[in-house]
Number of protein chains: 2
Amino acid sequence: MFHVGSRSTVDLEEEITPEEDIVKSRLKEIPHNEKLLSLKYESLDYDNSENQLFLEEERRMSHMGFRCLEIRRWVICGLIGFLTGLIACLIDIAVEELAGYKYSAVKQNIEKFTEFGGLSISLILWAALNSAFVMVGAIAVAFFEPIAAGSGIPQIKCYLNGVKIPCVVRLKTLAIKVFGVICSVAGGLAVGKEGPMIHSGAVVAAGVSQGRSTSLKKDFKIFEYFRRDTEKRDFVSAGAAAGVSAAFGAPVGGVLFSLEEGASFWNQMLTWRIFFASMISTFTLNFFLSIYHGKPGELSSPGLINFGRFDSDVSSYIPFESFLFFPYYFPGGMLGALFNVINYWLTIFRIRYIHRPCLQVMEAMLVAAVTATVAFAMIYFSNDCQPLGQDSTEEYPLQLFCADGEYNSMATAFFNTPERSVRSLFHNPPGSYNPLTLGVFTLVYFVLAVWTYGLTVSAGVFIPSLLIGAAWGRLFGILLSTITSSQSIWADPGKYALIGAAAQLGGIVRMTLSLTVIMVEATGNVTYGFPIMLVLMTAKIVGDYFIEGLYDIHIKLQSVPFLHWDAPPTSHWLTAREVMSSPVTCFNRVERVGRIVDVLSNTSTNHNGFPVVPGKICGLILRSQLIVLLKHKVFVERASSRLSQRRLQLKDFRDAYPRFPPIQSIHVSQDERECMMDLNEFMNPTPYTVPQETSLPRVFKLFRALGLRHLVVVDDENRVVGLVTRKDLARYHLGKDGLEELQLAQT
Amino acid sequence: MFHVGSRSTVDLEEEITPEEDIVKSRLKEIPHNEKLLSLKYESLDYDNSENQLFLEEERRMSHMGFRCLEIRRWVICGLIGFLTGLIACLIDIAVEELAGYKYSAVKQNIEKFTEFGGLSISLILWAALNSAFVMVGAIAVAFFEPIAAGSGIPQIKCYLNGVKIPCVVRLKTLAIKVFGVICSVAGGLAVGKEGPMIHSGAVVAAGVSQGRSTSLKKDFKIFEYFRRDTEKRDFVSAGAAAGVSAAFGAPVGGVLFSLEEGASFWNQMLTWRIFFASMISTFTLNFFLSIYHGKPGELSSPGLINFGRFDSDVSSYIPFESFLFFPYYFPGGMLGALFNVINYWLTIFRIRYIHRPCLQVMEAMLVAAVTATVAFAMIYFSNDCQPLGQDSTEEYPLQLFCADGEYNSMATAFFNTPERSVRSLFHNPPGSYNPLTLGVFTLVYFVLAVWTYGLTVSAGVFIPSLLIGAAWGRLFGILLSTITSSQSIWADPGKYALIGAAAQLGGIVRMTLSLTVIMVEATGNVTYGFPIMLVLMTAKIVGDYFIEGLYDIHIKLQSVPFLHWDAPPTSHWLTAREVMSSPVTCFNRVERVGRIVDVLSNTSTNHNGFPVVPGKICGLILRSQLIVLLKHKVFVERASSRLSQRRLQLKDFRDAYPRFPPIQSIHVSQDERECMMDLNEFMNPTPYTVPQETSLPRVFKLFRALGLRHLVVVDDENRVVGLVTRKDLARYHLGKDGLEELQLAQT
């Protein structure tokens, strides 16, 4: 889930104080509404402020200097990949060890009590173990870093889109996230450990590329050139890609994910670096996990989830089967939409009533206990016994009431980490599951997964979606082979499980291109690309008819000013004049300090960009720049004394990035208020401008393609008449009855 | 090769008359120089002219209307994929049949004469057959459509970059291209049929999306909405991707290729459509080729070139082998650079001396004959006999002087289509080739391939590059296994052949991300991704040290104003004021027809965009728009009589797109010259503008990200002071000693 509803409007940067934490829990009681657009989110600025300082630095730099920068970028990307791979490795090993310990203990206990009766004690043990794990994870998340909840994908989507989500790329968030995901997966929740990897990769990237950590209060004094939004975003893209790559063993899928979500402008070198990070990440994971599994030569674990090998020989499909997969197309979209609708209402319920950390922890524990109980009941009442083959891959086969040499097949699905369950559904030989088991499992797991997503634990929705889909996919496959009774081709239900898994996942998250590639790479078989693509496309079209994708729902519920790819198609009616915010607060080239302080302190407007004028537009200066200027007291009256002082450099701005102090923390004496500040050197003298008559789609295109934060609207005489920001554009969206306008709100 | 050096400056559109064809061959005698920037190339315009007509149309359209448009786009992409797949299929089958016929005939002949002596007759037969095929192909290309020569990739790169290359996406070009590639591959040249697929896909896309063909003079009156550069470019991207996809069975690689070369702004829906086209394309090819090969169920031919299956079990590599592949990294870059350097000099020689069609045809025939002779000599003098196994995949095993049950292994490499040779090098069991054979083969094929690329035949360089690389890769592999004498792991030289092939190809063409993905998809084994990426990266770095990639060399030799991803890093010194062209010819809102005609007829300036002013900038009008207005005589004085006439619509502009008539063909009487034309309704009232002080990188970013053709430079008062076009930006490039400025030239 997406815990951000907490910032006060004054707090324009990531700084967070204990007092605000209290305000935060109180503010949460205000219900969120998807028809509102929150004013509390600031934008990232992907447009370099090309002021004199910047130009001087760039002009001083030689060709060799630029080359060194480029090499540094590559080194950083390599590091990002390596560290992300290591983190993935850590999570995997920790989960394996903890889950192994847990299942062994419960299994022993069950075996003990199966003979003597009193299995309720086993149930209590299992439920208690699960709840304990989940409790620890939920406490860490709810009390220490709520932003670490959920998969983190919506937050990273927003970040890459250009929305500043507070605390999202901090080291503390990473630590809580990793710890939380280990707890929740080991705690047996219906969650996966894949989604959080994307967030983890992004945090690693933000940390490494800035050469410092504010959580640790440590500045390594390296990579200072990269301390601005433009560069940082590029690295965060690489980190997210590395995360996807490590999660699914899908380096290309990772690159496409990053590009699909983030990069509005495609740059060849950037893409190549992102790909490098992805490759390093999956290779690192593969290398260390192979050693951990004791097969260092095989490199058989490219990702956290492994679909196993789909050999073309064993489970090839014939062309017209692509159309036979047809019945799978609709359930994916519809079940996905159903999942999203239920989760939507549940999220609204949670926002209204379950907003205190202790309540959140209790809900998580409840879900953990219920999951264990339901699983136990299912296993207990299931009488689906299967013979235990010689080459069985079952990790923890539960005999329970089955005859000797047999195992309970419901337990394969429930008494296991979800990754293993998915793999069993894909690869277990025909006949391993009876249809009833699969049907009941699908239903129960669907409910559990819906309930689980949005809990205050750190966990992803990919694996549960795959598992639900694989279960009903396999069920359909079995039914199909029963109907046709042609044992030759349709005998292998594994491929139907794969298609079902793709359909369900596509119906829930609605990513398209990147998801296809991820699925194909995880499958390791290119021939499945075509049916997987068809299935994902249909799932998206069908699902979109009912409701948006899960991540988009959560983004909307938080009223984030998210910019889509294009302006709404029917928005040619609107022009910059209607869209812009006006009047605009402008400064003069040489402005009185008192006025600047007053304007910056005005909490009712809280502007971040200020055109510089005498009459015509001469430039644009940012709040962050003004704050640095005020902090260093760069006043005209002090210029004489400043001759002895050193001149303000770009470094001073970079050191303050990204958490510029709030204006309240800067003391300006009454004398100083009467001083003047010369903005000429620091303003961006060539901001992008548009005339008032420009249509909304045209404004949108310029804004989005260049990743702007402020776009100045001018009249014929080049006088400032308004300012277009992200919120002005995000306000218009396409509703059921045409163009709708969202209301701006302080929440 | 890249045959475009032919347009006169007046001819601003694709129209070409027989007279000009003659001028063309004369103009060719002027030597091309890579330090020049040709003025003859016009730009494509990816910025919609949002004039009143356009806005009215967009505003009239309902939400449903936009949805229908979107569906139409999908249908077109599906069609593009299908047709591209079919064309690939046609080429493959034609080549297989012709080559099969040729090799059978020669083989019979050789077998006949081996016993009796007189093999020189076989040689003559072989050489004559080859020359005949090549002659037919070369005549078609040289006399009917020179733009169809070569692989077409440089041309498509330029098109997607925004340069208008005359005739490049015409149906006639496609026909000649397909015919030519069949002839040159069947003619046994050292060429591949993969590169031309990309060009073919692009032509298909341009044709289908416009719903008409000017070559056939047929207008289907559909898809009229898409008749503008913005939309057409998107479809051409899809076509190029579909071509890559069909050529290599690499749908994702195709998408990445298109994006790497073309799309400056990444749009999710567009990418998804491109992917759809790619998938349909490879699936269509796979489906029909499987039927042709008599195995309809297997779907085993996803692309024109098939690397065959690299099973992880058989030829797995261990992690540190990635570093063992290290010795392969450098030869790739260096041999690639050597290839490019030789080809560069050869191309200059060709531009100077071999520019008459008949000379070109003769050179092609000579190469074909030499290729056959050399191959024959190599086979004749080779004494590398290998036992003919039971499971041999040899199509045409030549026994020659080998003992019974053996075959000549040099013939595997030479007496075969290059695709099969590549596959043999990848998959034949250890010991199939002796090192000497491979060494000699590498050397000879290298020379032949260098000589062949740039001939006036339609053919690609991918397969020869792969073949050269595979040969020396396998050679190194054999040497390595001899040195280490550890038979267990390094016994299989096939994987070394693969890595070598990647290195050589990377060293020649220097595409990076897309090439990695293409290689991985063609290999069908994701685990090779990491070493392939490392190899391609090193090849690029090493190769770039010496010379640019082959395609870039050919683009440069044609003096095309190609825009790279970013402005040169050290160009912050320059501002719009230095870069822009000035003075600018402006029109008034209501302008005298005579003046417009005079300006448009002025061949010495030949401007295409005209700011509309009275003092301040009010809009921008294009030459093409003015021509349509003149043609329809939209004069103020006729407004009264026009009440009865219908009003000019967007349709009139679309019908004229893309070949607007030249101004000379429009008759304007002396009376009409005194009339006035009201431009208000037709000009783009909100062109993008920048102030004079804007730095070059900033101008470049705006220009490139939005795909502009004209960018107006204004002063503080919003008065027009200059115009930045593609040539102004492409002029600056980074040379060895820092920033260099290219000279503009009429050639």
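The values are calculated or read from the model by the stated rules, or taken from the named source; none is laboratory data. Computed from a predicted model, the values in this text were never measured in an experiment. Don't worry about glycine lacking a Cβ; one is built from the backbone with ideal geometry, like all the others, and counts go over all protein chains shown. The area values use the complete protein model at the heavy-atom level, side chains included, leaving out ligands, DNA and RNA. Shrake-Rupley method; radii C 1.70, N 1.55, O 1.52, S 1.80 Å.
Compared with the dominant Cα axis of chain B, that is its longest principal axis, helix B:195-210 is turned about 30°. Among the residues of B:341-351, the average count of other protein chain beta-carbon atoms within 10 Å of the residue beta-carbon is 0. Counting charges near B:Glu363 (Lys, Arg +1; Asp, Glu -1) among other residues having Cβ under 13 Å from its Cβ returns a value of +2.
A plus B alone minus the pair: what accessible area, both sides summed, probe 1.4 Å, in Å² to 100? Chain pair A/B: roughly 7800 Å² of buried accessible area.
Spatially, the range B:730-747 and the range B:420-447 are offset by 43 Å when compared through their Cα centroids. Per residue of peptide B:49-55, the mean number of Cβ atoms on other chains within 10 Å of the residue Cβ is 2. 3J(HN,Hα) along the range A:675-684: 5, 10, 10, 9, 8, 3, 6, 10, 6, 7 Hz, from the Karplus curve 6.51 cos²θ - 1.76 cosθ + 1.60 with θ = phi - 60°, whole Hz, x for Gly and Pro.
Karplus-based coupling profile of the range A:164-179, in residue order and whole Hz: 7, 9, x, 6, 6, 10, 9, 4, 4, 4, 4, 4, 5, 4, 5, 4, with θ = phi - 60° in 6.51 cos²θ - 1.76 cosθ + 1.60 and x standing for Gly or Pro.
Compared with the dominant Cα axis of chain A, that is its longest principal axis, helix A:251-261 is turned about 50°. Here each label is just a point 7 Å from Cα along the line to Cβ, and for A:Asp655 and B:Glu717 those points are 4.6 nm apart. Do any residues of the range A:525-546 show a loss of at least 20 square angstrom of accessible area between the isolated chain and the full protein assembly, using a 1.4 Å probe, and if so which? Residues meeting the cut-off: A:Val526, A:Thr527, A:Phe530, A:Met533, A:Met537, A:Lys540.
Across the identical copies, the label point of A:Glu115 (7 Å from Cα in the Cβ direction) is separated from its matches by 8.3 nm, in order from shortest. Counted by Cβ distance under 10 Å from B:Ser213, the other residues give a net charge of +4, where Lys and Arg count +1 and Asp and Glu count -1.
In terms of accessible area, using a 1.4 Å probe and ignoring ligands and nucleic acids, B:Thr725, B:Thr482, A:Thr371 rank largest first as B:Thr482, B:Thr725, A:Thr371.
If you take the Cα centroid of the range B:125-179 and the Cα centroid of the range B:208-257, the two points sit 18 Å apart.
Comment: the Cα-to-Cβ extended label point of A:Val447, at 7 Å, lies 7.9 nm from its counterparts in the other copies, nearest first.
Between the helical axis of A:18-27 and the dominant principal axis of chain A, each derived from Cα atoms, what acute angle in degrees is found, rounded to the nearest 10? So the inclination is approximately 70 degrees. Treating r as the C-beta distance of A:Lys295 and A:Phe143 and R0 as 45 Å, the FRET efficiency rounds to 0.65. Does the range B:613-747 come out rounded, prolate or oblate by the C-alpha gyration tensor, with a ≥ b ≥ c the root eigenvalues, rounded set by a/c under 1.5 and, if not, prolate when a/b is larger than b/c and oblate if not? Because a/c hits 1.5 or more and a/b exceeds b/c, the range B:613-747 counts as prolate. Can you compute the helix-only [θ] at 222 nm over chain A? Use -39500 (n - 2.57) per DSSP H run of at least 4 residues, normalise by all residues, nearest 500 deg cm²/dmol. Mean residue ellipticity at 222 nm (helix-derived): -17500 deg cm²/dmol. Accessible surface for B:Cys385 stands near 50 Å², nearest 10, in the context of the full protein assembly shown (1.4 Å probe). Summed over the residues of the range B:554-644 and divided among them, the accessible surface reaches 39 Å² per residue at a probe radius of 1.4 Å. Think of the protein assembly as shown as having a plus end and a minus end, set by charges on the Cβ of Lys, Arg, Asp and Glu; of B:Tyr433, A:Leu125, A:Ala503, A:Ala503 sits farthest toward the positive end of this dipole.
Cross-link pairs exceeding 22 Å in C-alpha to C-alpha distance, out of B:Lys177/B:Lys651; A:Lys40/A:Lys540; A:Lys631/B:Lys701; A:Lys157/B:Lys540; A:Lys540/B:Lys157; A:Lys164/A:Lys556, comprise B:Lys177/B:Lys651; A:Lys40/A:Lys540; A:Lys631/B:Lys701; A:Lys157/B:Lys540; A:Lys540/B:Lys157. Counting only other residues whose beta carbon sits under 12 Å from that of B:Gly78, what net charge do I get with K and R as +1, D and E as -1? So the surrounding residues net to +3. Counting only protein heavy atoms and a probe of 1.4 Å, the accessible surface of the protein assembly as shown is 62% carbon and sulfur.
In the assembly of identical copies, A:Glu70 has its label point, taken 7 Å from Cα in the direction of the beta carbon, separated from the corresponding points by 4.0 nm (ascending, one decimal).
Take A:152-162, A:88-98, B:106-116 and order them by the average number of nearby Cβ atoms within 10 Å per residue, most first; the result is A:152-162, A:88-98, B:106-116. Between the range A:691-708 and the range A:511-558, the C-alpha centres lie 30 angstrom from each other. Packing-based ranking of B:229-240, B:494-505, A:136-147 yields B:494-505, B:229-240, A:136-147, ordered from highest to lowest mean Cβ neighbour count within 10 Å. Annotation for B:Phe116 and B:Met362: the two label points, set 7 Å from Cα along the Cα-Cβ direction, are 3.5 nm apart. Summary of packing: across the peptides B:403-411, A:422-430, the per-residue average of other C-beta atoms within 10 Å ranks them, highest first, as A:422-430, B:403-411. With distances taken between every two different alpha-carbon atoms, the protein assembly as shown has a Kirkwood hydrodynamic radius of 34.3 Å. Judged by the ratio a/c of the largest to the smallest principal axis of the C-alpha gyration tensor, the range A:38-111 counts as oblate, that ratio being 1.5 or greater while a/b is no larger than b/c. Among the residues of A:716-722, the average count of other protein chain beta-carbon atoms within 10 Å of the residue beta-carbon is 3.
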